[in-house]
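What follows is one structure encoded as C-alpha cells, with my remarks underneath.
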Amino acid sequence: MPRIIFMNDRLVPEAEARVSVFDHGLLYGDGVFEGLRSYAGKVFRLDAHLDRLWASARAICLEIPLSKAAVAQAVNDTLAANKLSDGYVRLVVTRGAGSLGLDPNRTRNPQVIVIADTISLYPREYYEQGLAIVTAATQRVQSAALSPRIKSLNYLNNILAKLEGLRAGCVEALMLNHKGEVAECTGDNVFVVRSGSLLTPPPDAGILEGITRNAVMELARGEGIDCREATLTRHDLYTADECFLTGTAAEVIPVVDIDGRTIGPGTPGPITQRLTTAFHALVRA
Ligand code: PXG
C-alpha cells in the first residue's frame, strides 16, 4: 500500500512526495525532526514533541512556516489518511532548497514533511530478557560544538555509535560525553536503579531530553519512587541494581548486560517492570 505523505500544505501519495536535491536538509543535514507514536488513535504527548521541534528549529534559526496547531492537524490527518491508529510518525522540517554553499540565508521554502508508518518494534524477548549493550568509543558531541538537545537531521554522531553497537552484536550502544560521563544511548535515554532510587543523567550531560524519559520520571514520582537527575559514570551503571532505556520507539526496555558486566541478577528488575506497566497504562489512557 503506497503511503500518503503530508508535504507543506497538503496530503500527497508517496510517489509525489519529493524534495529537491538542492535542499540543505539533504546537502548538509540542515533541518530538524521528531519521532512520535500514536496509540489507539491518539498521539502520545504531541504538544511536547511540537515544543521540542520548535525549540530545535529556534536553536538553528529555522522558522517553521506553519503554526503548531497546523502541524498538529497535519500529524493527525496523516495518521488518518494512512488508516493508522497505532503508528509511528516522523515529522521533518528541512531548511529548503538553496544554492550550493552553507549559507542558510540563500535557501527558500523550508519543507514540512509528515510521514506515518507502522512501527517496527524490538522483538518481544528483548523486553522479557533484557538487552545487552556496549559502550561506544564514539563520544557524544560536546554541546559547545553542537547541542545534543537539538534533534537535528545531523545524526551521524549517533549512527557511528550505533554501528559500533551492531558490530558488537548489540542493538543499542551507550554513549559517554567528553568528560567520560554517561550521556545516553544512540536513540534512547538511560536510567539506573540504585538502592531504590531512580537516577538518570541531566540534560547538561549531553543528552536529548527525551519525552519518554520525562514521562517515566513523572510516573516514578507518582509511584512514590525517589527519582532524580545525577551525573553517572560507567561504574555506576556496572554496579546498578537495575538499568533500562527509554525512547519513543523502545518505550521502556530493560538492560541486563553492559560491556560484559551483568547488571543486578541479570534479569529485568522490579522497578523496571513496575514502570513498564505504568508506561503502558499511560500511553493507552
Ligand atoms: N536520545 C536520542 C539521541 C534520541 O534520538 C531519545 C533519546 C529518546 O527520546 P524520546 O523523546 O523519543 O523519548 C531519542 C529519540 C528513529 C527514532 O526513528 C529515534 C528516536 C525516537 C523515535 C524514533 O530512529 N530518538
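A few points about this structure:
- Filtered by the rule that a residue be in a helix (DSSP H, G or I) and touching a strand residue (DSSP E or B) at 6+ places or on another chain (Cβ under 9 Å), segment 252-276 gives Pro270, Ile271, Thr272, Gln273, Leu275, Thr276.
- Count - residues of segment 39-56 that are away from the ligand (no atom under 16 Å from the Cβ) and either without any contact (Cβ under 8 Å) to a residue 24 or more places away in the chain or within 19 Å of the chain's Cα centre (by Cα) (or both): 1
- Residue pairs whose Cβ atoms lie under 6 Å apart, sitting 6 or more positions apart in sequence or on different chains, and linking a residue in segment 95-108 that is assigned by TED's automatic domain parsing to the domain that holds Phe33 and within 15 Å of Val21 (Cβ to Cβ) to a partner that is open to solvent by 30 Å² or more (accessible area, probe 1.4 Å) and not in a loop (DSSP other than H, G, I, E, B), are Arg95/Pro104; Gly96/Arg108; Gly98/Arg106; Ser99/Arg106.
- Taking the criterion of being in contact with a Pro (Cβ under 8 Å, 6 or more places away or on another chain) and touching a residue at least 40 places away in the same chain (Cβ under 8 Å), the residues of segment 216-244 that qualify are Thr231, Leu232, Glu242, Cys243, Phe244.
- Only listed residue being open to solvent by less than 10 Å² (accessible area, probe 1.4 Å), out of contact with any Asp or Glu (no Cβ under 7 Å at 6 or more places or on another chain) and not assigned by TED's automatic domain parsing to the domain that holds Tyr39, chosen from Gly260, Gly206, Gly222: Gly206
- Residue check for Lys151: more than 17 Å from the chain's Cα centre (by Cα) and among the basic types (Lys, Arg): no
- Checked against (1) outside any helix (DSSP H, G or I); (2) open to solvent by 20 Å² or more (accessible area, probe 1.4 Å); (3) away from the ligand (no atom under 16 Å from the Cβ), Asp77 passes all but a single condition, namely (1).
- Entry remark, segment 171-198: residues being more than 8 Å from the ligand (Cβ to nearest atom) and surrounded by fewer than 22 Cβ atoms within 10 Å (Cβ to Cβ) number 10 in total.
- Of all residues in segment 10-38 being of a type in the set (D, E, K, R) and without any contact (Cβ under 8 Å) to a residue 24 or more places away in the chain, the one that is least open to solvent (accessible area, probe 1.4 Å): Glu14
- From the options Ala249, Ala281, residue that is within 16 Å of the ligand (Cβ to nearest atom), open to solvent by 20 Å² or more (accessible area, probe 1.4 Å) and either in the same structural domain as Phe191 (by TED's automatic domain parsing) or not in a loop (DSSP other than H, G, I, E, B) (or both): Ala249
- Selection of segment 23-61 for residues being in contact with an Asp or Glu (Cβ under 9 Å, 6 or more places away or on another chain), more than 15 Å from Ile119 (Cβ to Cβ) and in a strand (DSSP E or B) yields Asp23, Gly31.
The values are calculated or read from the model by the stated rules, or taken from the named source; none is laboratory data. What you are looking at is a predicted structure, and each value in this text was computed from that prediction instead of being measured. Please note: Cβ atoms are built from the backbone with ideal geometry, for glycine as well, and neighbour counts cover all protein chains shown. Accessible surface is based on the protein model in full, side chains and every heavy atom, while ligands, DNA and RNA are left aside. Shrake-Rupley method; radii C 1.70, N 1.55, O 1.52, S 1.80 Å.
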